[in-house]
Amino acid sequence: MKLDLLTSLYVFMLAAFIGFEVIRRVSPLLHTPLMSLTNALDAIAVIGAIILVGERKSALSTVLGTIAIVAATSNLVGGFLITDRMLKMFRPSGPKKP
Amino acid sequence: MTAAPGREQLIEVAYLAATALFILSLKWLGSPATARRGVRCGELGMLLAVGGTLLHHGIVDYKWIAAALALGVIIGTPLGRVQMTAVPQRTALSHAFGALCVTLVGTAEFYLRAPDVPRFMMAVLALEVILGSLTFTGSLMAAGKLQEILPQRPITYRGQNVVNLALLAVALGAAAYLVHRPGQTQLFPAVVGIPLLFGVLMIIPIGGADMPTVISLLNSYAGLAAAAMGFVLDSKLLIIAGALDGASGFILSVNMSKAMNRSFSNVLFGAFGQEQPAGASAQPERSGRSATPEEAATILAAASRVVIVPGYGMAVAQAQHKVRELYDALTKRGVEVKFGIHPVAGRMPGHMNVLLAEADIPYDKLLDMDEINGDLPQTDVALVIGANDVTNPAARNDASSPIYGMPILDVDRARTVMVIKRSMAAGFAGIANPLYYLDKTLMLFGDARSFVGAIVRELAGAQG
């Protein structure tokens with residue numbers, strides 16, 4: 001098991017900086033959708049769980065991994081759904097259909 | 001690594017593309033005009049990442065994966081369709097799910113690798129499960145309080161902070177010992193279990209008004225836990241997604257704390273609600289001027305600029321659609337109506353914006369505190385609906401007030417202030433609001449929804 005610690009730390013640091021810069025620019029108007037979207041993106045943890053279950057190394061890892069997939073997938077689906085529903089509601093003023 | 005090398009590279013490319021798409025997704029979320037494109041982008045990234053992962057050569061069995069994915073979709077779909085008023089508790093619940101996933105994977109990884117876990121790996125694994133498990137129970141507690149299954153009032157007792165911090169110290173100590181001697185696997189349950197308990201105890205003393213900060217903080221923890229998982233699995237994609245989520249939660253928590261003029265530690269260990277009894281007994285013997293819907297309608301109709309300040313009370317009364325009718329009635333008469341939204345109004349960051357957007361109010365009329373405060377002195381009527389502490393002028397001019405220094409919406413600078421409120425009772429933090437006793441203030445006593453409805457009827461009657 002090789003663990004390229006330093007590269008990982010660099011990646012983490014750069015991603016954190018990008019995150020700060022990008023998210024600082026998000027209008028306070030959209031802070032709720034921001035939270036639900038980052039939550040959905042965070043469900044990427046599902047990939048770790050999928051490999052864990054697929055490899056079937058032990059009964060414990062299969063059971064825990066299966067629950068983990070369920071939890072992450074429900075976040076993924078629910079998070080994207082609700083973010084889009086919220087964003088659909090944000091409309092500028094001006095002429096609109098009744 | 002005996003499988004076709006082409007497939008490995010395909011997976012890596014999929015991850016790389018997903019990473020770029022995630023960053024673009026957040027970038028496009030920056031403004032309402034491009035935000036939905038951001039969601040599409042995130043979905044595409046997720047599809048690529050999950051699709052790529054399913055090609056992974058190590059996967060020998062798809063049965064459980066397929067079942068779990070299907071079950072996740074079944075549970076996730078209704079969670080994506082909840083009422084907009086339930087969004088804060090849904091968000092808390094999704095933090096709990098995310099943290100649960102990370103904790104379970106971390107636990108499984110530990111038992112697969114123990115007792116030969118390299119030190120660094122053990123340290124990040126411990127960080128992953130500690131953050132994950134405290135976020136799991138903490139978020140469940142927060143969701144329970146927001147859903148009002150659990151009492152919303154903060155519950156405090158003597159020595160609470162000492163107990164909590166001691167518990168956390170024990171968990172960290174056990175984790176440190178495991179890093180030193182990874183063979184001591186019997187300690188691992190403590191590293192998972194104690195933070196589970198800590199998460200519960202951490203949220204017990206937290207009241208409803210502090211929820212925006214706490215939800216943001218839990219968001220940040222969930223992200224950091226996922227990033228730690230990325231270190232354990234050596235997955236750059238996971239590290240980046242976790243770092244983005246962690247950064248987002250961190251920025252929001254800093255915003256929220258600033259908007260309440262409090263530090264993180266004060267939110268977590270302060271238990272504002274303790275001041276309640278003292279504040280309530282100090283209630284002055286004055287009474288504000290009150291007005292009827294008819295009088296309120298007359299004043300509003302005569303105004304040329306109106307600013308509406310919504311708060312959690314509007315959400316509780318489900319008054320947003322009536323507010324929209326009021327907005328329409330006034331706009332039709334040529335009155336300029338804007339909304340002034342405090343960062344901590346409601347139960348999570350941006351809560352009021354979502355409710356008002358749901359009621360079809362154009363987003364360019366929703367202004368945040370800094371934008372609207374410049375307008376308030378030229379405003380004829382400031383109409384406060386279900387907001388209290390965020391309009392309290394004591395925060396500006398009474399150094400003895402517990403909320404002194406907190407940035408507020410300067411509604412007292414408008415020519416006339418109208419406050420819709422159930423009664424004269426103090427707000428969440430139990431602090432009297434001098435705004436209610438100003439000569440320019442009219443109190444409109446009643447339920448927000450029916451009172452706004454009555455004003456709308458008066459306005460319609462006067463016109464017809």
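List the trypsin sites (Lys or Arg not before Pro) within the range B:286-369 that DSSP assigns to loop and that have no more than 11 neighbouring Cβ atoms inside 10 Å. Mind dumping the intermediate values first?
Working: sites: B:Arg286, B:Arg289, B:Arg305, B:Lys322, B:Arg324, B:Lys332, B:Arg333, B:Lys338, B:Arg347, B:Lys365; in loops: B:Arg286, B:Arg333, B:Arg347.
For trypsin sites (Lys or Arg not before Pro) across the range B:286-369 that sit outside H, G, I, E and B with at most 11 neighbouring Cβ atoms in 10 Å, the list reads B:Arg286.
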Checking understanding here: applying a Kyte-Doolittle mean of at least 1.0 and a length along the axis of at least 27 Å (C-alpha), which whole DSSP H helices in chain A pass?
A:5-24, A:59-89
If you count, for each residue, the other Cβ atoms within 10 Å and average over each peptide, how do A:30-40, B:178-188 line up from highest to lowest?
A:30-40, B:178-188
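Sum up the charges of everything whose Cβ sits under 12 Å from the Cβ of B:Ala99, counting Lys and Arg as +1 and Asp and Glu as -1, but leave B:Ala99 out. Walk me through the numbers before you get to the answer.
Working: positive: none; negative: A:Asp42, B:Glu128, B:Asp245.
Here the count lands on -3.
Can you tally the net charge around A:Val11? Count Lys and Arg as +1, Asp and Glu as -1, for every other residue whose Cβ sits under 10 Å from the Cβ of A:Val11. Walk me through the intermediate numbers first.
Working: positive: B:Lys236; negative: A:Asp4.
Net local charge, A:Val11 excluded: 0.
Counting other beta carbons within 10 Å of each residue's own, what order do A:Ser8, B:Ser304 fall into, fewest first?
On the way: A:Ser8 20, B:Ser304 12.
Fewest-to-most Cβ neighbours within 10 Å comes out as B:Ser304, A:Ser8.
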Looking only at Cα atoms, what is the convex hull volume of the protein assembly as shown per residue, in Å³?
143 Å³
Would you compute, for the Cα atoms of the range B:330-382, the largest minus smallest coordinate along each principal axis and list the three values in descending order, in whole Å?
32, 24, 15
Using a 10 Å cut-off around each Cβ, can you sort B:Ser290, A:Ser93 from fewest to most neighbouring Cβ atoms?
A:Ser93, B:Ser290
Around B:Met202 (Cβ within 15 Å, Cβ-to-Cβ, excluding B:Met202; K/R +1, D/E -1) the net charge comes to 0
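Would you work out if the range B:153-236 is rounded, prolate or oblate? Take a ≥ b ≥ c from the square roots of the eigenvalues of the alpha-carbon gyration tensor; rounded if a/c is under 1.5, else prolate when a/b is larger than b/c, oblate otherwise.
Values: a/c = 3.47, a/b = 1.38, b/c = 2.52.
Since a/c reaches 1.5 but b/c is at least a/b, the shape of the range B:153-236 is classed as oblate.
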Over all residues in B:33-45, what is the mean tally of Cβ atoms on other chains that come within 10 Å of each residue's Cβ?
5
Using the alpha-carbon atoms, what tilt in degrees (0 to 90, nearest 10) does helix B:188-203 show relative to the longest principal axis of chain B?
0 degrees
Partner chain Cβ atoms within 10 Å, averaged over the residues of B:326-335 - can you pull that number for me?
0
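Within a 10 angstrom radius of each residue's Cβ in B:106-119, how many Cβ atoms of other chains show up on average? Whole number is fine.
Details: counts 3, 5, 14, 6, 1, 5, 6, 1, 0, 0, 1, 1, 4, 0.
Taking all residues of B:106-119 together, the mean is 3.
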Please compute P(r) over all alpha-carbon pairs of the range A:30-90, binned at 5 Å starting from zero, and give each bin as a whole-number percent.
4, 21, 23, 16, 12, 10, 7, 4, 2, 0
Listed highest first by mean packing, meaning other Cβ atoms within 10 Å per residue, what order do B:91-101, B:116-126 come in?
B:91-101, B:116-126
For helix B:293-302, what angle does its Cα long axis make with the longest principal axis of chain B, in degrees from 0 to 90 and rounded to 10?
90 degrees
Pick from A:Ile18, A:Ile47, A:Ile67 the residue whose mean-square fluctuation is largest in a GNM of chain A, springs joining Cα atoms under 10 Å.
A:Ile18
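Assuming 1.567 mPa s and 4 °C, estimate D for chain B with Stokes-Einstein, Rh taken as the Kirkwood radius over Cα pairs, in µm²/s.
Working: Rh = 24.5 Å.
Approximately 53 µm²/s, per Stokes-Einstein.
No value in this document is a laboratory result; all are computed from the given coordinates. Quick caveat: nothing in here was measured; it's all calculated off a predicted structure. Cβ atoms come from the backbone with ideal geometry, glycine included; neighbour counts cover every protein chain shown.
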